[in-house]
Amino acid sequence: MLDMKLLRERTEFVRERLATRNAGDEARVSEVLALDESRRAALAEAEQLKARRNSTSKEIGGLIAQKRLDEAEAKKAEVRALGDRITELDKTAAHSEVARDSLLMMIPNLPHASVALGKDAADNPEIRVHGQKASFEFTPYNHVELCERLKLIDFARGAKLSGSGFLLYTGWGARLERALINFLLDLHQREHGYTEVAPPYIVGEHCMIGVGQFPKFRDQAYAVQEGLDTSTMGKLYLVPTAEAPVANIHREEILTEKQLPVRYCAYSPCFRAEAGAAGLGTRGMIRVHQFDKVELIKVVHPDQGYEELEKMVHNAETVLQRLGLHYRVINLCTGDMGFAAAKTYDIEVWAPGQGTYLEVSSCSNCEDYQSRRMNLRFKRESDGQNLFPHLLNGSGTALARLFVALVETHQQADGSIQVPEPLRPYLGTDVIPLAS
RNA sequence: GGAGGGGUGGCAGAGUGGUCUAAUGCGGCGGUCUUGAAAACCGCUGUGGGCUGACGCUCACCGGGGGUUCGAAUCCCUCCCCCUCCGCCA
């Protein structure tokens, strides 16, 4: 969430930055300020009265010790009256604070100054392009056709098991998926300096709030219930991304400055309800309820946030380069950015069978927006101050769409798929053969 | 699922209604002494909020929330977490 102090002291700046998102959030700023004002007023008065109550209570203790009971009783009556007023003021302060914070939780992060102004995806500037679109001397198949011919995925039975939007990987398909996961983890862990972690795939709602998924996007998550106990419903959620558990690893901690930067990579399946999303009715792997992903997370000093973001994007790009895939990097404009992000790069890989680019990675610096929500801090060595670090997350990369781009790009005239060199040791073959 | 035991500062650990402004020990930081170090001694050593131009003043926090009381680490209710044993289980 945003810094209340910033909101108070630089109100117009906050309004202007929010307005660039084109979502109307700037309209809520005055309401937040009013609630904050009412909270502080009540608090100031309550604390003054509490100071008096504390000192008088001590006097009462002294009077009782000296057996001056009448005087003690008189003071008791006096303090009792104070107590009623204190209760009232505490309630006002608490209510204002709850109202203020629940509003604040619904306000997105401020876009970084370097982010292009824009309304939607059409305004996203292209940053760079790698390679070029694959060309074929034959008519290339799309990934659905390839998966069926090579029996990589059994779409029908996936749907039979769990409904549309769920995939059953089979044979070489299952092995390719597993090979990719291992390749990605090894790459980031061995070559890019990330510490590998294997997080829970179910998290408490406080973690979802911490990364900014909740309260705004509660409808996108799969809530979990324990058996028949309906009272447990909605306390735990299937992770929509490994960001949810991994970014929260150090929540409510005060790290030393020396511990930074912290870099984690993690594999997890990702579960997305995709309520109301378009394109889910059709077959394929582009938009599904469950997919695999290797996620990159960094906790860094605020001075290094943007430098580390650039490195993270390059780490994700390396994946596509090694696999011989054509892609472009774009920078999300102010109107297209996610809720918690201050700046986001998307990486889109070319899928020749689809004839489109597919988003396989989204790398963001959320600055202190999430660390403030989860109360994650570090102690600055020079003056002992506790500061909020920058929190970064990026896909390194999403698997299902990477799978699509890979099979579509490396398909051969004979119907087989050429396995990119770095993947061969993982898969144990150079070629995925046409199914008999 | 059943039974029991716990949750207090960076750590260990006392405190069961009133100088708790939380003892004591360890660790850490600074100082004295020393050529240097150790030892010894002295001092400091949590988090968040509010008020103030500032020096400062003040409030809250002993797992979370609520209650009793003039006053709560301490009593009551409730929730969470951890540990031990039993049962079930990959």
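Please give, to one decimal in nm, the separation of the simple spin-label points placed at A:K133 and A:K258, each 7 Å out from Cα toward the Cβ.
About 5.5 nm, to one decimal.
Can you tell me which lysines have their Cα less than 27 Å from the Cα of A:K75? Leave out same-chain residues fewer than eight positions away.
Within the straight-line limit of under 27 Å, A:K75 reaches these lysines: A:K50, A:K58, A:K67, A:K91.
Given a 1.4 angstrom probe, what's the average accessible area per residue across segment A:350-436, in square angstrom?
Here the per-residue accessible area is 34 Å².
Which of the peptides A:236-248, A:173-185 is most tightly packed, and how do the rest follow, going by the mean number of other Cβ atoms within 10 Å of each residue?
Top to bottom by mean Cβ count within 10 Å: A:236-248, A:173-185.
Specify the residue with the greatest mean-square fluctuation among A:T344, A:T230, A:T318, computed from a Gaussian network of chain A linking alpha-carbon atoms under 10 Å apart.
Evaluated over chain A, the most mobile residue of the options is A:T230.
Among the lysines, which have Cα under 21 Å from the Cα of A:K258 when same-chain residues fewer than 8 positions away are ignored?
A:K298, A:K311, A:K379
Say each of A:L161 and A:D70 gets a label point 7 Å from the Cα, pointing the same way as Cα to Cβ; how far apart are those two points in nm?
Taking the two extended label points, one gets 8.6 nm.
Tell me, in nm to one decimal, what length is gained between A:R28 and A:T429 on full extension, where the rule is 0.36 nm per residue of separation less the Cα-Cα distance?
This chain segment gains 138.6 nm when fully extended.
Where a ≥ b ≥ c are the square roots of the eigenvalues of the C-alpha gyration tensor, would you call segment A:314-366 rounded, which needs a/c under 1.5, or, failing that, prolate if a/b is larger than b/c, or oblate?
It comes out oblate by the Cα gyration axes.
Kindly state, to the nearest 0.05, the FRET efficiency for A:L387 paired with A:A41, given R0 = 25 Å and r defined as their beta-carbon distance.
Step by step, r from the Cβ atoms, then E = 0.30.
Provide the packing ranking of A:93-104, A:146-157, A:378-389, i.e. peptides ordered by the mean count of other C-beta atoms within 10 Å per residue, highest first.
Going from most to least packed, we get A:146-157, A:93-104, A:378-389.
So if we plug the beta-carbon distance of A:A51 and A:R328 into 1/(1 + (r/R0)^6) with R0 = 56 Å, what FRET efficiency do we get, rounded to 0.05?
After rounding, the FRET efficiency stands at 0.35.
Ranked highest first by average number of other Cβ atoms within 10 Å, how do A:114-121, A:330-337, A:127-134 line up?
A:330-337, A:114-121, A:127-134
Excluding A:I417 itself, calculate the net charge of residues whose Cβ lies under 14 Å from the Cβ of A:I417, where each Lys or Arg counts +1 and each Asp or Glu counts -1.
Taking every other residue near A:I417 into account, the sum is -3.
If you average the sequence gap of Cα pairs under 8 Å that are 6 or more apart and divide by the length of chain A, what percent do you get for the contact order?
RCO, chain A: 19 percent.
Taking the Cα-to-Cβ direction at A:E421 and at A:Q290 and moving 7 Å from each Cα, how far apart do the two end points lie in nm?
So the label points at A:E421 and A:Q290 sit 3.7 nm apart.
In the full protein assembly as shown, how much of A:S164 is accessible to a 1.4 Å probe, in Å² to the nearest 10?
A:S164 has an accessible surface of roughly 70 Å² with all protein chains in place.
Residue separation times 0.36 nm, minus the C-alpha to C-alpha distance between A:A113 and A:T230: what's the value?
37.5 nm
Can you pull the semi-axes for chain A, root of five times each eigenvalue of the Cα gyration tensor, sorted largest first, whole Å?
53, 23, 20
Once whole DSSP H runs in chain A are found, which of them have Cα atoms spread over 18 Å or more along the helix axis and a mean Kyte-Doolittle score of at least 0.0?
Taking the DSSP H segments of chain A (at least 18 Å long, mean hydropathy at least 0.0), we get A:171-186.
Run the accessible area of segment A:216-259 with a 1.4 Å probe and give the carbon-and-sulfur part as a rounded percent.
The value for segment A:216-259 is 56 percent carbon and sulfur by accessible area.
The values are calculated or read from the model by the stated rules, or taken from the named source; none is laboratory data. Everything quoted here is computed from the prediction, not taken from an experiment. Heads up, the Cβs are rebuilt from the backbone with ideal geometry, glycines too, and the neighbour counts pull from every protein chain shown. With ligands, DNA and RNA removed, areas are computed over all heavy atoms of the protein, side chains included. Shrake-Rupley method; radii C 1.70, N 1.55, O 1.52, S 1.80 Å.
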